[in-house]
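Before any comments, here is the structure.
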Amino acid sequence: SGKQSLTKLATFTAGFRLFEITLSRGYGDDNIREDLKTMYSDVIKIPTSFLFTDAHVVEDGFLEYVNNILTVGMVPALFGDDEKEPLLQAVRTKAREEGYQESQMWGFAINQIRSNLHMVLGMSPAGETLRGRCRAFPGLVSCSTIDWFFPWPQEALLSVSQYFLNDVELPPDNRQDINEHICNVHLAVTNKYSPEFEQKYKRTTFATPKNYLDYLHNYIDFLGENRRDVDDSSQRLQQGLTKLVQAAKQVKELAETLAQKKVVVDENAQQVAKLIDKISENTVVVARRQEE
């Protein structure tokens, strides 16, 4: 629906640094704690946006860390006493300039982190999952501002369709109709068929802008694939027609050669017939002489 894209755009616009955990095989509690330590080491120096999505919730315990970040700004017991010094060193000069004592240095560091860190939760409201998480971890609601993403208007859907199909070869007379049809198909799902499905089967379905983008990409891919199939079939047909034309030409040439040879054969046949008649006449003459 654009949550991650908008977060990255806003982060860039604000001049912040974007941080996300990178999942890998066997990613667990120890891994996320190390990633959080890395993040805090940078946050205390640089304003940072921490993007955390549904895909990052490998374990429910991860949400406990997120809840702590939202409520107090720091994960308890994340840093040992010997690991806090780099963070303190980063803010010690500024803290002393503002009149803070050494015993207050860690609290100043936490406030600096809270000031520099912007937590973004990119989670889908569909189903019961998010409701359950909010009940289990109240900070997800009480310490955050919910940005609701409403459906894209028809003008936006049409503009997106025109952008993605701009470089696709389409009939000029039908280009606008195709864009409007794609837009209307998506709106029909969201405005008509999804409510009807929910009313009939008591199940909620969603067609998000991400589905619309997938729809456009699939249309472009299928159009290209079908065009390649048609081009291949046309090429095979053209090759077949070429062979037929060549065969017809060869048959015509053979027919002409046969007609020429038939004339020669007919002439030879006439000569043979005359020769046979002459031989027959001579045979009769010879036979009479023998009788005499």
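The values are calculated or read from the model by the stated rules, or taken from the named source; none is laboratory data. Please read all numbers here as calculations on a predicted model, not as lab measurements. Methodologically, a virtual Cβ is constructed for each residue, glycine included, from the backbone with ideal geometry; neighbour enumeration extends over all protein chains shown. These accessible areas exclude ligands, DNA and RNA; they are computed on the full protein's heavy atoms, side chains included. Shrake-Rupley method; radii C 1.70, N 1.55, O 1.52, S 1.80 Å.
Here are some notes:
- Inter-residue pairs, beta-carbon under 9 Å, first free of Cβ contacts under 8 Å to residues at least 24 places away in the same chain and in segment 4-25, second of a type in the set (D, E) and open to solvent by 60 Å² or more (accessible area, probe 1.4 Å), 6+ apart: L6/D147
- The set of residues in segment 220-256 being open to solvent by less than 60 Å² (accessible area, probe 1.4 Å) and within 30 Å of T190 (Cα to Cα) consists of I220, L223, G224.
- Taken residue by residue, segment 257-279 has no member that is open to solvent by 90 Å² or more (accessible area, probe 1.4 Å) and within 60 Å of the chain's Cα centre (by Cα).
- Hits in segment 19-31 (condition: over 26 Å from the mean Cα position of the chain (by Cα) and farther than 28 Å from P125 by Cβ): G26, D30
Matching residues to (1) open to solvent by 20 Å² or more (accessible area, probe 1.4 Å); (2) among the β-branched types (V, I, T); (3) more than 20 Å from S115 (Cβ to Cβ); (4) under 23 Å from the mean Cα position of the chain (by Cα):
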{"site": "S5", "(1), (2), (3), (4)": "yes, no, yes, yes"}
{"site": "K8", "(1), (2), (3), (4)": "yes, no, yes, yes"}
{"site": "A14", "(1), (2), (3), (4)": "yes, no, no, no"}
{"site": "R33", "(1), (2), (3), (4)": "yes, no, yes, no"}
{"site": "K45", "(1), (2), (3), (4)": "yes, no, no, no"}
{"site": "T48", "(1), (2), (3), (4)": "no, yes, no, no"}
{"site": "D60", "(1), (2), (3), (4)": "yes, no, yes, no"}
{"site": "L63", "(1), (2), (3), (4)": "no, no, yes, no"}
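- Filter pass, A247 being under 49 Å from the mean Cα position of the chain (by Cα) and assigned to a helix (DSSP H, G or I): yes
- Top-ranked residue of segment 91-116 - restricted to ones that are over 16 Å from F79 (Cβ atoms) and basic (K, R), ranked as most open to solvent (accessible area, probe 1.4 Å): R96
- Some residue of segment 182-190 being among the small types (G, A, S), within 30 Å of W148 (Cβ to Cβ) and outside any helix (DSSP H, G or I): no
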